[in-house]
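These notes concern the structure reproduced below.
Laboratory data are not the source of any read-out in this text; all were calculated from the coordinates shown. Source: prediction; values computed, not measured. Virtual Cβ from ideal backbone geometry, glycine too; neighbours counted across all protein chains shown.
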């Protein structure tokens, strides 16, 4: 019996050693040959293209050349021996070795599709392959979700660890009632508790006394150490985040192939995207081998925006000799006074702002200031006559102040023999060259009295007043101007108006009346670049098609149709293109539209017309899938080789 048991043990040991040596030999081979998973163009995508090319294929298609003669296209090739056209069949290639592909951007996105190929020599039941694709997009590197290939024994070991951890969790007692020594607690209750419905301090002490504290501490410690125990049992957790695929291999005798599809939003001037694959082999979460990076797989991105026409549009503009400008400021005056005090409230900053505007106009080489009209407004406090007189004096005071500013400016320019004094943002003066002497500047002061119009707008926008109070204010506004202030004083909201709104009514406005220097006619008609259209063209080239179409829609030209095409508004694009002269670009876009509508004959006719006038459009056709299908379906590339355009 002992000999038999010993023999079984030796056999098991031999099998275990053989199993371990087998894995070690495979790993040595992987390392020696520097094996790696490989990237390739998506076979599924290419097969789908071939299916589309074959779908709807006709034996012949007829289009007309420039002389109006009918040309017949057929699926045939020239037999070099007989000189006759004979039918042929295309045989699909067995292996795809190209390292680049042209893909088309549509609706602002592209689909990056590639195959990941894992050879059988890199697969083992005890291993896990973690493959990480990376995209190189302009200056950025984007790490894509991983593809994980897990061997059956590797996954069994993972699940065994999870089961052990689950048993550990189930062994933890979380119900506090299970820590109580109920037998001894009942004996204590029967001996000492006379009122069985009461539960006081003595009973609480008894419950604590008969609680198994060591057992409770033991299970609390097990709960606190659950993360540590998880790491002990589960050496390699099952990854669930940042993973595109986690497949378990039941057999490792065949190569594995997975098609990876990543949708990418395009960017302005994005022409090329490269994909590189890296990875590693793990056993029990220990890295055994790091795979070298694969050679990059390149995707060249074409966009309909590349067909944008650099049209320069102009708009007519009427230039008026006379120009007006308006600004207002809030200048504070002492109650009942009209003298302008620069040190009062915020007058200094407001006056510096107005002074800067006036002197900038004085120094302008484009405009000549003819006159400045200054109007002063008052709040409704006081009588109409008093407020009218007060605002008249305040306007005259402001006009006098700035008249002196202009006079000082012109005097300084004259004394400096061609230099002027200008005012900076902070109100300080700076010396610079002065323009030629200008005629006398007129300052006209006017009184506007009480500012009821502004008060009405302020009340309407005031969130502190209730709708009922605003309605009562409108009733006051229906009264004659001389009676409104007295009626307002009787309203409960009058203190709010006087404290918060009245100060904003005391303002001074400036109206600048200018003329253009050197301009004799009152109006001149001119043209200038249409900046709105130029912005729409920029948005189109930046592939913001929706915003571009909003701007370009009224123009209804080639670029408008292009924006519609990019958004797959095919009917709108076709209507616009039919209105355009039949240039090669228009014919090409018409071909693309007819191809989308499965109108092959019209599409071929438009495409051949476009390529006949501009040969480069044939090569462009290989970048747009709609045209490329026509080229492959009817062998238009052979016509190009024979220069039949």
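Based on alpha-carbon positions alone, could you give the equivalent ellipsoid semi-axes of segment 528-641 from the gyration tensor, as √(5λ), descending, whole Å?
That gives 27, 14, 13 Å for the three semi-axes.
With each label point set 7 Å from Cα along the Cα-Cβ vector, what nm distance links residue 313 and residue 360?
Between residue 313 and residue 360, the label points sit 3.1 nm apart.
Pull out the extension gain between residue 622 and residue 353, defined as 0.36 nm times the separation in residues minus the alpha carbon to alpha carbon distance; nm, one decimal.
Here the segment from residue 622 to residue 353 would lengthen by 90.6 nm.
Which residues in segment 287-307 have a backbone N closer than 12 Å to a point placed 7 Å from the Cα of residue 107 along the Cα-to-Cβ line?
Hits in segment 287-307 for residue 107 at 12 Å: none.
Estimate the FRET efficiency between residue 386 and residue 322 by the formula 1/(1 + (r/R0)^6), using the beta-carbon distance for r and 30 Å for R0, to the nearest 0.05.
Once rounded, the FRET efficiency stands at 0.25.
Find how much the distance from residue 245 to residue 341 grows on full extension, using 0.36 nm per residue of separation minus their present alpha carbon separation; answer in nm with one decimal.
Contour length minus the Cα-Cα distance gives 26.8 nm.
Calculate, in nm to one decimal, what residue 412 and residue 270 gain on full extension: separation in residues at 0.36 nm each, minus their alpha carbon distance.
Length difference between fully extended and current span is 45.3 nm.
Compute the Kirkwood hydrodynamic radius of segment 480-525, taking the inverse of the mean of 1/r over all pairs of distinct Cα atoms, and give it in Å to one decimal.
It is 15.1 Å.
Based on the mean of other Cβ atoms within 10 Å per residue, sort peptides 591-601, 346-356 so the most packed one is first.
591-601, 346-356
What nm distance separates the two modelled labels at residue 498 and residue 405, each placed 7 Å from Cα along Cα→Cβ?
Roughly 3.3 nm, to one decimal.
Could you give the nm distance between label points at residue 597 and residue 491, where each point is 7 Å from its Cα heading toward the beta carbon?
Result: 6.5 nm between the two label points.
Would you please give the FRET efficiency between residue 141 and residue 526, computed as 1/(1 + (r/R0)^6) with r the Cβ-Cβ distance and R0 = 56 Å, to the nearest 0.05?
Efficiency, rounded to the nearest 0.05: 0.65.
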